[in-house]
Amino acid sequence: MACTLAFTPLAAADHEAVAHLLHRSLVDWYESRLRQGARFGDSPEPFRIFPEVYEALDPGEAVTARDEDTGELLGVCFSHERETHVAVGIVATAPEAAGRGIARSMMQAVLAKAQALGKPARLVSSLLNLDSFSLYTRLGFVPGAIFQDLLLSVPAAGLAVAAPAGVERVRPARADEAARLADFEQSLQGIRREKDYAFFLANRAGSWQVLVSEDSAGQINGVLVVSDHPSFTMVGPGVAADEASGAALLWRALDLLRGRTVVFLVPCAAAGLVRTAYGWGARNVELHVAQSTAPVAGARGLVFPTFLPESG
């Protein structure tokens, strides 16, 4: 007998259940379609970082789907409002609840919020998962830039290649630079997320380092966030004016993660940077695509998306 669904905010007591749901959902989909479920390990514990970070950043913004009678968690959708848009993060449903329209219903709740705010919704989704791609395009999202997911194991002694030009002009961001970094990103990409940069710089949930690249005149030409949390080692989000500044930032970020295996996303269109990453030892593991209900016209530079918090 089908249960009645209730859509509610996420509570602190749900974090363990969300970690289990995310893990089961990812393992089931990647194993049943691609035989790659092992990519996500055999424990849900690392996935606790998702509700912990999202709730620290935007308490109460996540949408959950539950069995109204039992309270069992059947779906979760993370999102949060930014100055220029509403960003959508990971969307997951329990494998046993697939095909019931749960993901669609949660997304419709997020889109209703975005419409009420008068803002577009943005996300980055897997191009291997045609189920989610089809859902998002049916809901009005328009595909944009395509990204290569690159995996690289950084040697304990650091990358065995010469550092690219401009590395000497990469420095740690200062605690008071959130607004300046947000201004820079908006000038290139037309989106703004000062709250995210303030969150990274405060470094109270998760574990973040923020790098800034400057040109010879001392003007910002790139910013890149690094997560070195044991549960989530990843480079991004970030934005750079050109491939040269992007390469300098990326090299410095990887140098901070010596002895770790790292995932980072690079725009396919940044062909020179992609080849540079190959030369460092990176290999492709997946493709992602940026999607928006109202794409920004005239965006410049290149971006490094991430999945926590999402960089739609």
Based on the mean of other Cβ atoms within 10 Å per residue, sort peptides 233-241, 297-305, 89-97 so the most packed one is first.
233-241, 89-97, 297-305
Share of antiparallel DSSP beta bridges in the chain, in percent to the nearest 5?
95 percent
Using the Cα gyration tensor of the range 146-235, with a ≥ b ≥ c the square roots of its eigenvalues, what is the shape: rounded (a/c below 1.5), prolate (a/b larger than b/c) or oblate (neither)?
oblate
Shape category assigned to the range 1-138 from the gyration tensor of Cα positions, a/c cut at 1.5
rounded
Suppose all protein chains stay in the model; what accessible area per residue would a 1.4 Å probe give for the range 14-55, in Å²?
50 Å²
Based on the alpha-carbon gyration tensor of the range 76-198 and its eigenvalue square roots a ≥ b ≥ c, which shape applies: rounded if a/c is under 1.5, prolate if not and a/b is larger than b/c, or oblate?
oblate
Could you check how much of the accessible area of the range 122-190 is carbon and sulfur, as a whole percent, using a 1.4 Å probe?
58 percent
Span from the the range 138-165 Cα centroid across to the the range 193-266 one, whole angstrom
12 Å
Using alpha-carbon pairs under 8 Å, 6+ residues apart, how would you state the relative contact order of the range 90-192 in percent?
10 percent
Tell me, what is the per residue accessible area of the range 214-312 in Å², probe radius 1.4 Å?
35 Å²
Could you work out the relative contact order of the range 46-101, using alpha carbon pairs under 8 angstrom and six or more residues apart, expressed as a whole percent?
23 percent
Which of 81, 45, 185 moves the most in a Gaussian network model of the chain with Cα springs under 10 Å?
45
Give me the accessible area per residue for the range 63-163, probe 1.4 Å, as a whole number in Å².
41 Å²
At a 1.4 Å probe radius, carbon and sulfur cover how many percent of the accessible area of the range 214-312?
52 percent
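The values are calculated or read from the model by the stated rules, or taken from the named source; none is laboratory data. As the structure is a prediction and not an experimental result, all values here were calculated from the model. Note that each Cβ is placed from the backbone with ideal geometry, even for glycine, and that neighbours are counted across all protein chains shown. For accessibility, only protein heavy atoms count, side chains too; no ligands or nucleic acids. Shrake-Rupley method; radii C 1.70, N 1.55, O 1.52, S 1.80 Å.
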